[in-house]
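Data first, discussion second: the structure below is written as structure tokens.
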Amino acid sequence: KLFVFERPGNYGFSMKDMNYSHDIIWIDSTMKIVGIASGVDPQSYPKVFYPPTDVLYVLEVRSGLSTGLKK
């Protein structure tokens with residue numbers, strides 16, 4: 001799922017109500033990947049995962065799909 005925000009910010013994500021692990025990919029306004037959280041497990045809730053810098057987009061994909069992507 002792709003999340004598109006109106007302006008860059010420090011958007012955090014948690015695994016509330018999720019049933020399987022995800023990779024969370026943070027993307028800035030220039031479409032550069034600035035952070036990846038791989039294999040985020042639903043049991044990590046209520047932990048919130050934040051990007052290393054402000055982002056405009058967040059992409060959630062099934063765990064393992066971000067393997068090989070570069071920040």
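The values are calculated or read from the model by the stated rules, or taken from the named source; none is laboratory data. Remember, it's a predicted structure, so these values are computed and weren't measured experimentally. Reconstructed Cβ throughout: ideal geometry from the backbone, glycine too, with neighbour counts over all protein chains shown. Just the protein is used for accessible areas: all its heavy atoms, side chains included, with ligands, DNA and RNA removed. Shrake-Rupley method; radii C 1.70, N 1.55, O 1.52, S 1.80 Å.
Key figures for this structure:
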read-out	value
Within the chain: Cβ-based charge dipole about Cα centre, in debye rounded to nearest 20 (Lys, Arg +1; Asp, Glu -1)	120 debye
The chain: projected area of the alpha-carbon convex hull, averaged over directions, in nm²	4.4 nm²
Neighbour net charge for residue 22 - beta-carbon separation under 14 angstrom, K R +1, D E -1	0
Two-site FRET efficiency, residue 63 against residue 5, from Cβ-Cβ distance with R₀ of 30 Å, rounded to 0.05	0.80
Candidate residues 41, 54, 17, 23: accessible-area rank, largest first, probe 1.4 Å	17, 54, 41, 23
Exposure ranking of 34, 48, 40 by accessible area [1.4 Å probe, largest first]	48, 34, 40
Label-point separation, residue 18 to residue 54 (7 Å along Cα→Cβ), nm	2.5 nm
